[in-house]
Structure formats: structure tokens, C-alpha cells
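Peer 1: I am attaching a structure below and will ask some questions about it afterwards.
The values are calculated or read from the model by the stated rules, or taken from the named source; none is laboratory data. Please read these numbers as outputs of a predicted model, since none were measured by experiment. Glycine gets a Cβ as well: all are built from the backbone with ideal geometry, and neighbour counts include every protein chain shown.
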Amino acid sequence: MRIGRDPNTLRGRRWTFDGHGGAVAGDESAAVSSSMTPERYERVAPATYTDEQLAALAGTYVSDEAETALTAVVENHALVLKRRPDVTITLTPTYANAFAADHGLGTVIFDRDGLHVVQDRVWNLRFARKQ
């Protein structure tokens with residue numbers, strides 16, 4: 001998540017910053033926040049990638065659970081995921097090995113064996129890299 005001076009980036013939350021790169025977000029409503037667990041965040045350096053680094057992530061990734069395959073390719077200096085029949089999902093670097101995905105896919109996190117998709121309702125949907 002990117003937090004900036006624009007109040008819309010704060011998403012209606014009450015934020016407390018510790019001055020050392022950490023923050024805690026809670027709900028604005030005191031009645032609601034007493035029953036909600038605050039979310040803790042740490043500042044991380046934004047990720048940047050060369051075309052060669054992105055190319056190392058290219059490949060086909062398969063999920064038996066989701067019954068689908070995603071193909072990662074580099075297009076115009078950016079990593080994108082292709083899904084049949086004709087969906088292209090743009091990935092925006094967020095932090096090391098993690099990308100924000102458009103089309104509502106959520107966050108895509110790469111590791112040495114594949115990738116994981118994290119969304120509001122999905123946590124750690126695994127896609128194995130095909131050899």
C-alpha cells in the first residue's frame with residue numbers, strides 16, 4: 001500500500017506513525033475499532049527492476065486449485081501476466097518480489113518455486129512454476 005499526502009490514500013482509517021518507518025491503522029469509528037484488530041505496517045523501499053531481472057520471472061505458472069495457468073512475460077519494460085483467452089494483467093512493483101496486479105487480482109508474490117496471489121478473500125493461492 002502506498003500512503004501519501006492525499007487523504008484518499010489513508011482510506012478512512014486512523015493512522016499512528018512511530019517515526020521509525022512503522023505505522024498502525026485502525027478504524028475511524030471508536031465503536032467499530034474496539035472490536036477490530038489494528039493493522040501494522042512497516043515502510044519498505046519501493047522495488048525497481050531491470051528488464052533482465054523481470055525476464056528471470058518470466059514463465060508459466062499453474063494452479064491446480066484455481067484450475068488455471070498464468071504466463072508471465074516482459075512487455076514494454078514491465079512484467080505482465082497473460083491468462084487465456086485474452087486477458088493481460090499488468091504488474092506494478094511494490095516491494096521486493098511483490099507486485100500489485102490490476103483486474104482485481106490483488107498482490108502477486110514471486111519466490112523460487114512459483115508465485116502466490118493474495119487478495120481480500122484469498123490468502124496464498126499458490127501457482128507452481130512449470131519446468
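Peer 1: For segment 57-68, what are the residues that are small (Gly, Ala, Ser) and modelled with pLDDT under 95?
Peer 2: Ala66 - this is the single residue of segment 57-68 that is small (Gly, Ala, Ser) and modelled with pLDDT under 95.
Peer 1: How many residues are free of Cβ contacts under 8 Å to residues at least 12 places away in the same chain and in contact with a strand residue (DSSP E or B) (Cβ under 9 Å, 6 or more places away or on another chain) if we restrict to segment 76-87?
Peer 2: Number of matching residues: 1.
Peer 1: Only one of these conditions is not met by Asn8: (1) of a type outside the set (D, E, K, R); (2) part of a helix (DSSP H, G or I); (3) modelled with pLDDT of 80 or more. Which number is it?
Peer 2: Every condition holds for Asn8 apart from (3).
Peer 1: Looking at (1) of a type outside the set (Lys, Arg); (2) closer than 28 Å to Arg14 by Cα; (3) in a helix (DSSP H, G or I), can you tell me which one Glu52 breaks?
Peer 2: Tallying (1) of a type outside the set (Lys, Arg); (2) closer than 28 Å to Arg14 by Cα; (3) in a helix (DSSP H, G or I), Glu52 fails exactly one: (2).
Peer 1: Quick check, is Phe127 in contact with a Ser or Thr (Cβ under 6 Å, 6 or more places away or on another chain), surrounded by 15 or more Cβ atoms within 10 Å (Cβ to Cβ), part of a strand (DSSP E or B) and not aliphatic (A, V, I, L, M)?
Peer 2: Yes.
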